[in-house]
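These notes concern the structure reproduced below.
Every number here is computed from the coordinates shown, using simple stated rules; none is lab data. Small disclaimer: the values here were computed from a predicted structure and weren't measured. Positions of Cβ are generated from backbone atoms using ideal geometry, with glycine treated the same way; all protein chains shown enter the neighbour counts.
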Amino acid sequence: MPEPRRGFRVPPEVPAYFAEKGLKPGFSWLDVWGEEHAYAFTVAKAVDLELLTAFRNSIARAIDAGQGFETWRAGLLPELERLGWAKPRRVADPTGARPDAVVNFAAPGRLQTIFSSNMRAARAAGQWERIQRTKAALPYLLYVRTASAEPRVQHLAWAGTILPADDPWWSTHFPPNGWGCKCAVRQISQFERDQKLGQGGYGIEPPTLEMKPFVNKRTGEVTWVPDGIDPGWQTNPGLARTRTLVTRMNERLAEAGEAEARRVIAEIAASPAPRVLMGLPEKVFLPVAVAPVGLAAELGGVARIVEVSNDTMRAKTAKHGGVRPVTSKTWAAVQEIVDGGEIVDEGRPGHRSIFGGLADGMWQLVVKAADRGRHYLVSSLHAASDRDLERARRRSERRDEG
């Protein structure tokens with residue numbers, strides 16, 4: 001007879017989210033802030049890398065096995081003992097900004113906070129990924145009443161809210177919304193939404209969003225946080241994961257050699273990634289080309305990768321119809337346009353037009369330098385003609401003469 005399975009079945013998106021995280025030691029919970037939690041694992045006061053690694057690996061195993069808190073804690077305590085962190089110890093702030101602190105990492109309350117905050121964030125990110133895959137059939141999200149014995153008044157007020165999965169309200173209010181928050185979201189169909197609205201007690205208008213400033217005492221950064229959400233919890237883990245993973249990919253490409261960067265960009269263009277990212281409600285930037293030396297010289301920046309936002313891809317793909325609409329194949333050929341095209345300065349500061357011929361005709365790509373030249377972004381892509389190129393040349397010549 002097979003041995004009964006313990007714990008619960010873990011959706012694959014949950015361990016995938018956690019596996020992407022790197023280690024970031026921090027003395028204060030303010031050292032790793034907001035969306036940074038989507039790609040950096042930290043434990044307040046765990047400035048020792050070996051200790052932080054032990055925490056991370058143990059939580060990863062707990063996620064994979066579907067363990068609860070007590071099982072996880074029982075497995076972690078011997079490891080804390082081995083590392084010499086099972087009793088209170090003095091920890092120094094590496095920055096020197098705060099005095100030493102005595103910390104007991106084996107204390108049940110501290111372990112509960114570490115475990116629950118990481119588990120809930122990972123599950124939320126996994127749930128968000130599934131929502132994005134299935135929102136065509138289940139397009140609405142229902143904010144479910146907290147299971148906490150002492151619920152927050154603001155969180156109770158949000159219970160019963162039904163909004164489309166792509167509504168901006170979920171970018172800040174997708175639970176968990178604070179330390180120990182046990183609120184949840186359930187994905188529902190149009191039929192169930194209509195059924196619940198007929199019962200009363202449900203709303204389809206986003207609750208009033210009141211923002212309050214929060215000053216990060218470690219960095220001085222001011223963040224506006226919705227009232228009712230604990231500072232640091234005002235981000236949607238799933239949204240943050242998408243943005244930060246793409247950002248990290250762009251950063252790695254910028255550090256890679258040109259041949260490797262070109263190879264990876266070509267693989268991305270041939271994969272479902274552009275189509276998937278184009279459908280996401282959150283803004284992300286997709287690498288589409290390695291910037292040649294000539295373009296960098298024209299724009300005066302330091303970026304190495306040309307990127308395009310998914311909302312620009314959506315807008316240009318939907319807008320330009322006719323005999324030569326912009327398609328996924330056009331976006332996949334941006335590197336070819338950049339490499340073989342003619343760069344024209346039409347007089348817009350920080351912008352350059354690139355006219356390049358593909359198998360189906362001439363195209364005009366407009367690239368701009370952003371963030372003081374640290375990023376090159378595509379602002380437009382559309383079909384063009386030899387006449388358009390000649391006009392652009394004349395505009396450039398008149399500007400030079402004037």
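So here's what we get for this one:
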quantity	calculated
Spin-label model distance (nm) - R89 vs D230, 7 Å beyond Cα toward Cβ	2.5 nm
Sorted peptide list for 204-211, 86-93, criterion being average Cβ within 10 angstrom, highest first	86-93, 204-211
Charge dipole magnitude, Cβ of K and R +1, D and E -1 - the stretch 13-206, Cα centre, debye nearest 20	400 debye
Calculated FRET value between A107 and A137, using beta carbons and R₀ = 51 Å, to 0.05	0.65
The stretch 13-206 - Debye-derived log10 I(q)/I(0), Cα point model, q = 0.14 Å⁻¹	-0.87
Inter-label distance, nm, simple model (7 Å from Cα along the C-beta direction), S189/R130	1.7 nm
Positive-end extreme of charge dipole, the chain - chosen from V47, I204, P78 (charges on Cβ)	P78
Label-to-label distance, nm, for residues given as E251 and D166 (7 Å Cα→Cβ offset)	2.9 nm
Rotationally averaged projected area of the chain (alpha carbon convex hull; nm²)	27.3 nm²
Part-to-part distance (alpha-carbon centres) for the stretch 352-402 and the stretch 130-195, which is given in Å	45 Å
Computed helical MRE - 222 nm, the chain, DSSP H runs ≥ 4 contributing -39500 (n - 2.57), nearest 500	-12500 deg cm²/dmol
Filter on K45/K87; K316/K368; K45/K182; K135/K329; K135/K196 - keep pairs with C-alpha separation over 23 Å	K45/K182; K135/K329
Linear extension gain, E210 paired with L77, 0.36 nm per residue minus alpha-carbon span	43.7 nm
About the Cα centre, charge dipole magnitude for the chain (Lys/Arg +1, Asp/Glu -1 at Cβ), debye	800 debye
